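Computed from the coordinates by the stated procedures, all read-outs in this text should not be read as laboratory data. The structure displayed is predicted, hence computed values, not measured ones. Ideal geometry is used to build each Cβ from the backbone, glycine not excepted, and the neighbour counts take in all protein chains shown.
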Amino acid sequence: MFTVDDLTTALQVTLSDLEFNKSIIARGVDFNDLICAPPSSGWFGADEEGKRIVKVECFSSQNTPNFYMRPIEGLTVTVDVDRKEIVKITDTGRGIPIPKATNTDYRYTSSPFSDMTPLTNPMSMEQPKGPSFTVENGHIVKWANWVFHLKPDIRAGMIISQAKIRAENGEYRSVMYKGFASELFVPYMDPDESWYFKSYMDAGEFGLGATAMALLELNDCPRHAYYMDGVFASADGRPVIQPNMICIFERYSGDIGWRHSEIPVLGFDIRESRPKVTLVARMAASVGNYDYIFDWEFQTDGLIRIKVGLTGMLMVKGTPYENIYNIFNANDMTGTLVSENVIGVVHDHFVSFHLDMDIDGANNSFAKVNLVKENTLPGQSPRRSYLKAKRKVAKTENDAKIKLKLYDPSEFHVFNPSKRSRLGNPTGYKIIPGGNAASLLDLDDPPQIRGAFTNNQIWVTPHNKTEEWAGGLLVSQSKGDDTLAVWSARNREIENKDIVLWYTLGFHHIPCQEDFPVMPTVSSSFELKPVNFFDRNPIMGATPTFQKDLPVCSASRSY
Ligand SMILES: [Cu+2]
């Protein structure tokens, strides 16, 4: 990781360089409007050996706080922060205008829409008796049938540990020892001199906790939320506080936990329904231009949903083109024209989650339950084909390297081989992928070597306390020799051991005009869901909500 001092050095060296200053003046940028930022440099071979390299690129903040939309294109300064000297200046974009500030300011107070009637009336969730969770000793969250430890972390952002759920007999059963976002890899898809190196490892290089700003009450988190501060060590060892970094709240979004109504003609008059209420632990990292919202959502039926939302600003590229009709070379377009002179460059986001599952104890196994098409014998049945679930327990790491396939589907179970349900099924949890994306880069492309944890969507490794960070412990300028892919190449045994499940959640992002000047949130998630862990539906005994339970409120206008 680079320290603030390193980054300050890189900026000072850049700003005191004559050639750099000449270029800024030539582009007509007032130095008071100049904002320079240090994107990480990645690793691209022997030239960088032995140097601590920071790249510096700059923007104009003239007439806008959204300087990300006003890049000074093609000007990249490579600084050796140890020698405090410039290694290289690339200045190829003199003919590219700095995009205008028009319509880039996203602040409510300066928005032309701020005096308009809102689209919806203000709303919040009623909790007449207050929230039903407690936070003990600042970290132990107790809610409904769950208990877990929640800790802010400078690198991972949030760490959930010792997650346990109460069984029918009142005993708390272990589900997960520790779960957190292990790395966040963001490769951009542009081979230009000023862009090729943009392949961020945001957790290891910048820190998801270090970049998590205070959450905004009533907007980032609802009323009745509990806020937790992060307390971290700064580069010089002094404590720093990230106030209101995590929020915890109950969510009732109008969804149904379970229901059934019976057709009256059968003589029944049954309408049973239970509302779904969940508990969310949330944080948002603002890693430079991009904002990542991390939610861990717990359900009373035992399900845990882990969701990542992407919002904030695009990383954009300046271009001479103002509309697509005057593009004369389509090869110049490494993305979509999202505003005049602004290209939203195509890129990916991959978040690797480290999930140390401890289902009813530390020693677990991993099984792939493959759905296979079977064909009937001639004359056996009017049906020609049907599906059968075939279970295969992974012996070694190679058996559990999973690439998701729609036409060869499987369930993925982590289970305790020595703990059985009443009926003899092994107790387990399955990981349920949601929307996802795989990396399509060449395996030997330098960014892909560093982000090799994206080579599979699921991995299982034996627990090893040095294997926490999927892109490696030290990722700045790393060569990719300490990644999940490297550890897992040993093909160790994973059956009936303390195992770690790794899941990579990916997004391909082809920007569009709606992403300008600030992106509406796009989310994807995956779930950890009990499978034969409980003997029956664990929320069958949930109580319905009655009118008498709620405060009598009347809306100030009728419908
Ligand atoms: Cu994106």
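Observations
- Non-local lysine pairs in segment 241-395, meaning eight or more places apart or on different chains, with alpha-carbon distances under 26 Å, amount to 10.
- Loop sites in segment 300-387: chymotrypsin sites (Phe, Trp or Tyr not before Pro), DSSP, at most 15 other Cβ within 10 Å: PHE328
- Once the Kirkwood radius over Cα pairs is known for segment 369-454, the Stokes-Einstein relation at 20 °C and 1.002 mPa s delivers a diffusion coefficient of 130 µm²/s.
- Spacing of the two label points (7 Å from each Cα toward its C-beta) at TYR108 and ILE140, in nm: 3.8 nm
- Prolate/oblate/rounded call for segment 404-481, Cα gyration tensor, a/c under 1.5 rounded: oblate
- Dimensions of segment 4-106 based on its C-alpha atoms, expressed as ranges along the principal axes with the largest first, amount to 44, 27, 23 Å.
- Over the chain, the pair-distance histogram of Cα-Cα distances with 20 Å bins from zero comes to 18, 48, 28, 5, 0 percent, rounded to whole numbers.
- Here r is the Cβ-Cβ distance between ARG536 and THR117 and R0 is 60 Å; the resulting FRET efficiency, rounded to 0.05, is 0.75.
- The calculated 222 nm mean residue ellipticity attributable to helices in the chain amounts to -1500 deg cm²/dmol, summing -39500 (n - 2.57) over DSSP H runs of n ≥ 4 and dividing by all residues.
- Sum of side-chain charges, ARG391 neighbourhood, beta-carbon under 10 Å (Lys, Arg +1; Asp, Glu -1): +2
- Net +/- balance of residues flanking LYS51 in space, Cβ distance below 9 Å, scoring K and R +1, D and E -1: -3
- Peptides 21-28, 294-301, ordered by how many other C-beta atoms sit within 10 Å of their residues on average, highest first, read 294-301, 21-28.
- Annotation note: chymotrypsin sites (Phe, Trp or Tyr not before Pro) in segment 214-277 located in DSSP loop regions with a Cβ neighbour count of at most 16 within 10 Å are PHE268.
- The aspartates and glutamates within cross-link reach of LYS51, meaning a Cα-to-Cα straight distance under 13 Å and a gap of 8 or more places when in the same chain, are ASP6, ASP80, ASP82, GLU85.
- Local net charge near GLU495, Cβ-Cβ under 10 Å (Lys/Arg +1, Asp/Glu -1): 0
- Loop GluC sites (Glu not before Pro), segment 171-212, which have at most 14 other Cβ atoms in a 10 Å radius of their Cβ (DSSP): GLU171, GLU193
- √(5λ) per eigenvalue of the Cα gyration tensor, segment 275-386, largest first, Å: 44, 29, 14
- Axis of helix 4-15 versus longest Cα principal axis of the chain: the two differ by about 30°, to the nearest ten degrees.
- Phi-based couplings in Hz for segment 37-53 (Karplus 6.51, -1.76, 1.60; Gly and Pro marked x): 10, x, x, 6, 9, x, 9, 9, x, 4, 4, 9, 4, x, 10, 9, 9
- Gyration tensor verdict on segment 157-208 (Cα atoms; rounded if a/c is under 1.5, prolate if a/b is larger than b/c, oblate otherwise): prolate
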